[in-house]
Amino acid sequence: MGAPVLPNARPGIAESHLLLNFTDAAAFHDRPPKVITRGEGCEVIDADGRRFIDGLSGLFCTNLGHDFGSEIGAAISQQLSQLVFTPTWSQSHPAAEALGDRLAQIAAPLGLTRTYLTLGGGESVEAAWKIARQWHASNGEPQRTKAIARDLAYHGTSLGALSFTGLDDCRDPFMPLPVPVTFVSNTNAYRHPLEHDEAAFTAALLAEVHDAIIAAGTDQVAMLIAEPVQNSGGSLTPPAGYWQGLRDLCTRYGILLVADETITGFGRLGEWFGSMRLGAEPDMITFAKGATGAHAPLGGVIVSDRVAAPFVSGDALYMHGLTFSGHPLTAVAALTALDIYEREGVFENVRALEPRLHAGLEQLRSIPMVGDVRGAGFFWALEMVRDPDTRDTFTEDEAAWLLRDELSGHMDRLGLLCRLDDRGEPVIQISPPLVADEQVLDRIINIVGEAAEKAWATWMRRRPSDVRSGAA
Ligand SMILES: Cc1ncc(COP(=O)(O)O)c(C=O)c1O
């Protein structure tokens, strides 16, 4: 058997033969897409040999960086030489069993015991929804067909998951969507009048959730889904008491509470799950991304005994199936990644360095364009404003200029991959691999600072004098 030959990068192929995710293909005329060919540590390298810090962990998923591919690959290779595949339909195999067992141990402090395995975050959200519907039906409440989610939240793009995604641009082309969802406010304190009164802010948010439940019908809502820290909108942390309040409302009205931990699971906030850090008590957790450190596509939903009960007792047969649910390759990738998280003290690293990352980003508030700095763990966002005093935000065109023309050019030149997002107010998002050390974090902070300073300087040259004097 010869050594495997990997494909080489060939110019123009992505433009001609791939339909890329959420990508403006017309922009390739001016700027061809980056073709990333290699990863090393916390960096990736493109076909021209240029290095970039993997400042968003790919898409919040290369939590272990790029140095563990051989180890995880060896485990996968061993698994495939023993058993390529067998379904987890009415049977199982040791890799899926070991993963289910391991996840039950990890999630035990949250009272979650049983996992359904998928291949990604959106699939996990849909799996949770179908569990919720069938759970209510088996409890004599098939009329619970509605859900509650939050403004701007991203829960996936396949049609079921898209129902819970609160982003109009993603939803509009596909209306009507299958699940009727009421969207309530997210936890962006910077844009809320009660920002400085945390208890009142929490109370206002929860009152809105309560009103949404009443308006939908107290016996109509099956599920409430939220991220422990919401990604879209820019690392929106919850105020104290928020998750406890969600728990109380869900218990009171018989609604299943789902924590979508697609991003916050597996160390992003310095714990196995963000729910642990927040003291949240969800009935189900959805996860994906970091479960394998992005070495293979795997997700899942972990449920409590109470939620699993009808499916275990025989009252209900879970009407769901994915050929590759629990695929041996993905299960072994996850098991090995979980070992590495523990062996390398990866979450300890996040906890130890979070204050440094936070403090470094806080210093960037000296740049007038940086209106807010928020986040937790290795999951941060800077909200960009035209005027820090009024918090006046950029128009759509200005935000497009700022993010796509200005900041992205600087980040590219300075060698940082991060997210520049204008779903909601414009934000720079930073979410480095969880193995990043002080040097990597400091480089990220410096690059973000330099890019923001340059963008602000350009903006000031273009701006009318009233804003210029207001911001001085
Ligand atoms: C919170 C959350 N849920 C669900 C998803 C969808 O995950 P996937 O792209 O694996 O379907 C994402 C993706 O970023 C996410 O951030």
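List of remarks:
- For the stretch 2-148, the relative contact order comes to 9 percent (Cα pairs under 8 Å, sequence separation of at least 6).
- Cα-based convex hull, the chain, per residue volume (Å³, whole number): 153
- 3J(HN,Hα) along the stretch 145-152: 10, 10, 9, 10, 9, 10, 3, 6 Hz, from the Karplus curve 6.51 cos²θ - 1.76 cosθ + 1.60 with θ = phi - 60°, whole Hz, x for Gly and Pro.
- Relative pair counts by distance (%), Cα atoms of the stretch 349-414, 10 Å bins: 20, 42, 32, 6
- Phi-derived couplings, Karplus 6.51 cos²θ - 1.76 cosθ + 1.60 at θ = phi - 60°, listed residue by residue for the stretch 291-304: 4, 10, x, 6, 7, 6, x, 8, x, x, 10, 10, 10, 7 Hz, with x used for Gly and Pro.
- A Cβ-based charge dipole, computed about the Cα centre of the chain with Lys and Arg at +1 and Asp and Glu at -1, lands at about 540 debye.
- For the stretch 367-449, alpha-carbon Rg over 2.2 N^0.38 Å: 1.09
- Where the Cα pairs of the stretch 71-343 fall when distances are cut into 10 Å bins, in %: 7, 30, 36, 20, 6, 1
- Integer Hz, Karplus 6.51/-1.76/1.60 couplings in order for the stretch 4-14, x for Gly and Pro: x, 10, 8, x, 8, 5, 10, x, x, 6, 4
- Cβ crowding within 10 Å averaged over residues, with 344-354, 53-63, 416-426 ranked highest first: 53-63, 416-426, 344-354
- Under the convention that each Lys and Arg Cβ holds +1 and each Asp and Glu Cβ holds -1, the size of the dipole of the stretch 169-271 around its Cα centre is about 120 debye.
Laboratory data are not the source of any read-out in this text; all were calculated from the coordinates shown. These figures come from a predicted structure and were not determined experimentally. FYI the Cβ positions are ideal-geometry reconstructions off the backbone, even for glycines, and counts take in every protein chain you see.
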